[in-house]
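The structure appears right after this line, and notes come after that.
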Amino acid sequence: MSAATAVLLTLVAIGAVIHEPVLIPPLAASAALVHAAPTLPLAQPRSVIVGHLLGAAMGYAALAVAGSNAWTAAVAAGLTLALTTFARTPHAAACATAVVIVLQTPMPARFVPLLFGSTVLLVLTGYAGSRIRRTSPRYPAYWW
């Protein structure tokens, strides 16, 4: 759990340096999956990284079509679940990413690169953590 805490604190520190919120609730959920359930399909790199990017795409699409409101956020989350399932990138936290985008309307040019970098950092921390702790399951179970 120290690796998960360390990566979340790193995201907060990056956000403080660039004056931009980098740690969002879906990333904390992703960190929990990667570090506490590293063998689940939901925790694999493809699901974490691509899942969040698909959630972001769906969030921005829904926002463009229907605006920022709770109804749109709910639809965006449901469509993200369908899209990630279809794409074989199941990741529950990606649904929350779509909700965050619809309700908080972050600028895509800043948000998407930060989201991508954060998910890569989560995956790399999971990889490193599983190599340091000899008794833990190897992460990832598969890369793609």
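The values are calculated or read from the model by the stated rules, or taken from the named source; none is laboratory data. Values in this document were obtained by computation on a predicted structure and should not be read as measured data. When we count neighbours, we look across all protein chains shown, and the Cβ atoms used for this are built from the backbone with ideal geometry, even at glycine. The area values use the complete protein model at the heavy-atom level, side chains included, leaving out ligands, DNA and RNA. Shrake-Rupley method; radii C 1.70, N 1.55, O 1.52, S 1.80 Å.
Contact order for the chain, expressed relative to its length and based on alpha carbon pairs under 8 Å spaced 6+ residues apart, stands at 32 percent.
Normalised by residue count, the range 1-50 yields a Cα convex hull volume of 68 Å³ per residue.
The phi torsions of the range 95-100, fed into the Karplus equation with coefficients 6.51, -1.76 and 1.60 and a -60° offset, translate into couplings of 4, 5, 4, 4, 5, 4 Hz, rounded to whole numbers, with Gly and Pro shown as x. Residues with amide H under 5 Å of Tyr139's amide H, sequence separation 5 or more or different chain, H placed in the peptide plane at 1.01 Å from N; which? Placed amide hydrogens put Ser130 under 5 Å from Tyr139. Label zone (Ile14, point 7 Å along Cα-to-C-beta; backbone nitrogen cut-off 14 Å) within the range 108-144: 110-126. For the range 36-94, the calculated P(r) over all alpha carbon pairs, in 5 Å bins from 0 to the bin holding the longest distance, is 4, 23, 28, 19, 13, 8, 4, 1 percent.
Given the alternatives (1) 0.98; (2) 1.11; (3) 1.07, Rg/Rh (Cα atoms, Kirkwood Rh) as computed for this entry is given by (1).
Our coupling estimate for the range 15-30, obtained by passing each phi through the Karplus curve with A = 6.51, B = -1.76, C = 1.60 and θ = phi - 60°, is x, 5, 5, 9, 6, 9, x, 9, 7, 10, x, x, 6, 5, 5, 5 Hz, Gly and Pro reported as x.
Here the 3J(HN,Hα) profile of the range 33-50, calculated from phi with Karplus coefficients 6.51, -1.76 and 1.60 at θ = phi - 60°, is 5, 4, 8, 9, 9, x, 9, 5, x, 4, 9, 6, x, 4, 5, 5, 6, 5 Hz, Gly and Pro shown as x.
Per residue, the range 55-144 exposes an accessible area of 55 Å² to a 1.4 Å probe, with every protein chain left in place. GNM remark for the chain: springs join alpha carbons under 10 Å apart, and the peak mean-square fluctuation among Pro90, Pro41, Pro25 falls on Pro25.
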